[in-house]
Amino acid sequence: MPRAFITGITGQDGQHLAEFLHGKGYQVFGMIKGQNNPRAIQLAEEFPYVELIPGDLADLTSLVSALEYAQPDEVYNLGAISFVAISFNQAELTSNITGLGVLRMLEAIRMVGGVQNNPIRFYQASSSEMFGQVRQTPQTELTPFHPRSPYGCAKVFGHNITVNYRESYGIYACSGILFNHEGPRRGLEFVTRKVSNAVARIKLGVQQEIVMGNLDAKRDWGYAGDYVRAMWMMLQQDSPDDYVISTGETHSIEEFLTRAFDEAGLPDWHQFVRQDPRFFRPAEVDLLIGDSSKARKNLGWTPEVDFPSLVTMMVQHDLAIETAKLRK
Ligand code: GDR
């Protein structure tokens with residue numbers, strides 16, 4: 001039975017990946033931080049097959065212990081302070097966890113190594129936020145980085161140190177440059193889920209408006225379930241490499257709003273949306289669109305859920321859960 005160790009197990013991608021790897025016959029270990037973490041209880045109920053191990057990306061010793069215990073074949077580093085907006089207020093913490101956390105994990109892998117002739121394979125969750133103020137469109141693995149937030153800067157460090165440890169020590173380390181990926185498990189702080197959830201609540205009469213930031217930004221939005229498949233595929237190749245994972249389409253926040261309101265059968269969104277400066281960021285990433293032809297060619301990866309289906313999936317999910325809450 002292959003063994004996988006996941007950091008960021010409580011997040012959207014951690015959950016999708018645990019489910020996917022379990023389906024492939026893996027024994028799945030998830031790292032959980034903090035004392036009495038309330039998400040651990042929730043996770044144990046929903047994913048009883050995941051064995052939780054205490055550890056923290058800020059603490060190298062805990063990472064070494066966790067790897068020694070799990071003895072994984074594959075490590076997926078999805079743990080991060082992942083909300084771009086908060087990284088402006090907590091820049092040092094973000095740099096420590098999202099950036100230096102990658103270095104600590106690579107050092108732990110160097111120390112623990114893996115069983116002989118079967119070295120640990122490492123996946124780093126890199127991000128399209130590294131492209132920031134984009135230097136070319138669409139963005140590929142070779143597009144220069146110009147991050148626009150402390151989060152983006154930390155991800156650039158994580159990406160570069162992953163490449164460096166691969167080149168310096170021969171670690172099987174891959175960096176997946178994933179563009180935005182969404183779904184019903186997305187946290188409510190991210191724009192797509194904020195909208196799908198608010199739309200459901202407006203439809204049911206329990207919310208009156210949505211307060212938002214910049215509606216002009218454009219993102220290449222895919223479905224998280226499709227994207228975790230790409231992570232696994234990267235670690236099954238003969239040699240490690242870096243890959244852009246994206247749909248190749250871009251849509252504005254306004255387009256997302258239009259589709260989401262439409263899906264719920266609500267009138268024009270303009271009358272329900274108010275903009276507030278507190279949701280604007282000190283520096284914005286205006287346009288992202290990825291060219292994932294390398295992943296499509298080398299890994300045989302293709303996304304299965306398109307933009308309209310993604311919006312439908314998220315709005316219908318939120319309508320169902322918000323309706324169930326009302327019935328309680
Ligand atoms: P992003 O995702 O920053 O692209 O990073 P997010 O959904 O937070 O923002 C997308 C865009 O929407 C604009 N926006 C708002 N965003 C939020 N969250 N709330 C609002 O009210 C709002 N109004 C407008 C933002 O300004 C932005 O332009 C995500 C994260 O998952 C990262 O961790 C990941 O690396 C990248 O995607 C790929």
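The values are calculated or read from the model by the stated rules, or taken from the named source; none is laboratory data. Computed from a predicted model, the values in this text were never measured in an experiment. Note: ideal-geometry Cβ built from the backbone for every residue, glycine included; neighbour counts use all protein chains shown. Quick note on the areas: whole protein, heavy atoms, side chains included, nothing else; ligands and nucleic acids left out. Shrake-Rupley method; radii C 1.70, N 1.55, O 1.52, S 1.80 Å.
Label the stretch 31-138 by shape, choosing from rounded, prolate and oblate, from the square roots a ≥ b ≥ c of the eigenvalues of the Cα gyration tensor; if a/c is under 1.5 it is rounded, and otherwise prolate applies when a/b is larger than b/c, oblate when it is not.
oblate
What's the center-to-center distance, using Cα atoms, between the stretch 100-165 and the stretch 255-328 in Å?
The stretch 100-165 and the stretch 255-328 have Cα centres separated by 26 Å.
Got a number for the accessible area of D226? Probe 1.4 Å, square angstrom, nearest 10.
Only protein atoms counted, so the area is about 10 Å².
Subtract the Cα-Cα distance of M1 and K297 from 0.36 nm times their separation in residues, and report this length gain in nm to one decimal.
103.7 nm
Just to check I understand the Karplus step: with θ = phi - 60° and J = 6.51 cos²θ - 1.76 cosθ + 1.60, what whole-Hz values come out for the stretch 245-254, glycine and proline as x?
10, 7, 8, x, 10, 10, 9, 7, 4, 4
What does the charge add up to near L60, with Lys and Arg as +1, Asp and Glu as -1, over the other residues with Cβ less than 14 Å from its Cβ?
Here the charged neighbours net out to -1.
Dipole magnitude of the chain about its Cα centre, charges +1 at Lys/Arg Cβ and -1 at Asp/Glu Cβ only, in debye to the nearest 20?
Value, rounded to 20: 380 debye.
Rolling a 1.4 angstrom probe over the protein chains, ignoring ligands and nucleic acids, what is the accessible area of R281 in square angstrom, nearest 10?
Solvent-accessible area, nearest 10 Å²: 80 Å².
Compute a Gaussian network model of the chain, connecting alpha carbons closer than 10 Å, and tell me which residue from G23, G55, G213 fluctuates the most.
Residue with maximal mean-square fluctuation among G23, G55, G213: G23.
If I build a Gaussian network model for the chain, linking alpha-carbon pairs within less than 10 angstrom, which residue out of L178, L63, L21 has the largest mean-square fluctuation?
L21
Under a 5 Å amide H to amide H cut-off, with H placed in plane at 1.01 Å, what residues pair with L52 once short-range neighbours are removed?
G30
With angles folded into 0 to 90 degrees, how steeply does helix 150-169 sit against the dominant principal axis of the chain? Use alpha carbons for both and round to 10.
30
At a probe radius of 1.4 Å, what is the per-residue accessible area of V311, in Å² to the nearest 10?
Accessible surface of V311 is approximately 0 Å².
Quick check: residue separation of N118 and E249 times 0.36 nm, minus the Cα distance between them. What number comes out in nm?
Net length gain for the segment: 43.3 nm.
Given the options Q316, Q15, Q237, state which has the largest fluctuation in a GNM of the chain using a 10 Å cut-off (strictly under) for Cα springs.
In the Gaussian network model the winner is Q237.
Just how far, in whole angstrom, is the stretch 222-250 from the stretch 1-50 if you go by their alpha carbon centroids?
19
What shape does the stretch 15-62 have by the C-alpha gyration tensor, where a ≥ b ≥ c are the square roots of the eigenvalues, rounded means a/c under 1.5, and otherwise prolate means a/b greater than b/c and oblate the rest?
Judged from the Cα gyration tensor, the stretch 15-62 comes out oblate (a/c at least 1.5, b/c at or above a/b).
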